[in-house]
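The next block holds one structure in the form of structure tokens; read it before the comments.
The values are calculated or read from the model by the stated rules, or taken from the named source; none is laboratory data. Since we're looking at a predicted model, the values are computed, not measured. Cβ placement follows ideal geometry from the backbone for every residue including glycine, while neighbour counts extend to all protein chains displayed.
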């Protein structure tokens with residue numbers, strides 16, 4: 001299947017802002033765009049609700065013929081989402097790193113080789129969502145404001161314990177102009193955590209084809225009206241299932 005000749009709506013995480021701009025600078029077939037803050041991946045139920053509302057808005061636009069989600073499964077946030085009028089297209093990856101690396105197979109191979117890897121990307125650095133000194137300071141201020149200093153330190157200790165499960169960092173990007181500062185910052189953040197940093201060249205083909213087509217079944221799930229996204233416990237990552245009444 002191909003996007004050629006079809007007007008599409010794009011619903012995306014802001015972690016991909018620069019990559020989408022580079023992959024589709026003059027894409028006239030993209031007639032509608034909506035983005036969401038990257039922190040929503042921490043709240044899969046909230047993200048699912050926001051995406052469902054965005055899908056409804058996209059389908060209500062008469063010009064839209066297909067809807068593209070620039071998301072991975074994201075903690076099962078996409079499970080249950082289904083279109084009513086337009087085909088819904090999503091890449092077969094678990095998260096944004098799989099999309100930046102060019103697909104699930106490469107991401108899985110990286111994790112198998114280095115299972116303790118914590119991943120950085122330009123978008124995560126720009127959004128100040130990646131583990132490092134600034135993120136710790138940001139969390140301390142937020143937790144202190146919401147819960148008080150004692151509870152804040154307890155929550156930060158939980159964060160430190162979660163990060164302690166990682167043994168190294170990986171950084172992946174599409175080598176876009178202007179990303180040098182993010183590469184340097186990833187190195188600084190990894191050093192602060194005591195992690196060696198591995199650089200993994202990004203592969204833009206999956207994102208490019210998501211935005212332009214072709215949508216082959218090996219790399220993309222195309223969900224027809226009346227179906228919804230379900231998790232697949234194999235390399236396909238997702239499958240289509242009947243939409244509940």
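Every condition in (1) within 20 Å of residue 206 (Cβ to Cβ); (2) surrounded by fewer than 17 Cβ atoms within 10 Å (Cβ to Cβ) holds for residue 38 except the one numbered (2). Looking only at segment 20-40, residues that are in contact with a strand residue (DSSP E or B) (Cβ under 7 Å, 6 or more places away or on another chain), under 25 Å from residue 135 (Cα atoms) and at pLDDT below 95 come to 1 in all. Check segment 123-134 and report whether any residue there is touching a helix residue (DSSP H, G or I) at 6+ places or on another chain (Cβ under 6 Å), surrounded by fewer than 15 Cβ atoms within 10 Å (Cβ to Cβ) and within 24 Å of residue 33 (Cβ to Cβ). There is at least one residue in segment 123-134 that is touching a helix residue (DSSP H, G or I) at 6+ places or on another chain (Cβ under 6 Å), surrounded by fewer than 15 Cβ atoms within 10 Å (Cβ to Cβ) and within 24 Å of residue 33 (Cβ to Cβ). Just so you know, in segment 1-17 the residues that are surrounded by 20 or more Cβ atoms within 10 Å (Cβ to Cβ) and closer than 27 Å to residue 125 by Cβ include one that is farthest from the chain's Cα centre (by Cα), and it is 10.
Just the residues that are in a loop (DSSP other than H, G, I, E, B), in contact (Cβ under 8 Å) with a residue 60 or more places away in the chain and over 11 Å from residue 223 (Cβ atoms), please, taken from segment 85-95. It would help to see each step written out before you state the result.
Within segment 85-95, the subset in a loop (DSSP other than H, G, I, E, B) is 85-87, 92-95.
Then keep just the ones that are in contact (Cβ under 8 Å) with a residue 60 or more places away in the chain; that gives 85-87, 92-94.
The answer is 85, 92, 93, 94.
Applying the condition of being free of Cβ contacts under 8 Å to residues at least 24 places away in the same chain and in contact with a strand residue (DSSP E or B) (Cβ under 7 Å, 6 or more places away or on another chain) to segment 209-245 and asking which residue is farthest from residue 73 (Cα to Cα) yields 242. Annotation for segment 74-95: no member residue is under 18 Å from residue 187 (Cα atoms), out of contact with any helix residue (DSSP H, G or I) (no Cβ under 6 Å at 6 or more places or on another chain) and surrounded by fewer than 20 Cβ atoms within 10 Å (Cβ to Cβ).
Would you confirm whether any residue within segment 40-63 is in contact (Cβ under 8 Å) with a residue 60 or more places away in the chain, assigned by TED's automatic domain parsing to the domain that holds residue 86, within 28 Å of residue 172 (Cβ to Cβ) and in a loop (DSSP other than H, G, I, E, B)? Let's see the steps before the verdict.
First pass over segment 40-63, keeping only residues in contact (Cβ under 8 Å) with a residue 60 or more places away in the chain: none.
There is no residue in segment 40-63 that is in contact (Cβ under 8 Å) with a residue 60 or more places away in the chain, assigned by TED's automatic domain parsing to the domain that holds residue 86, within 28 Å of residue 172 (Cβ to Cβ) and in a loop (DSSP other than H, G, I, E, B).
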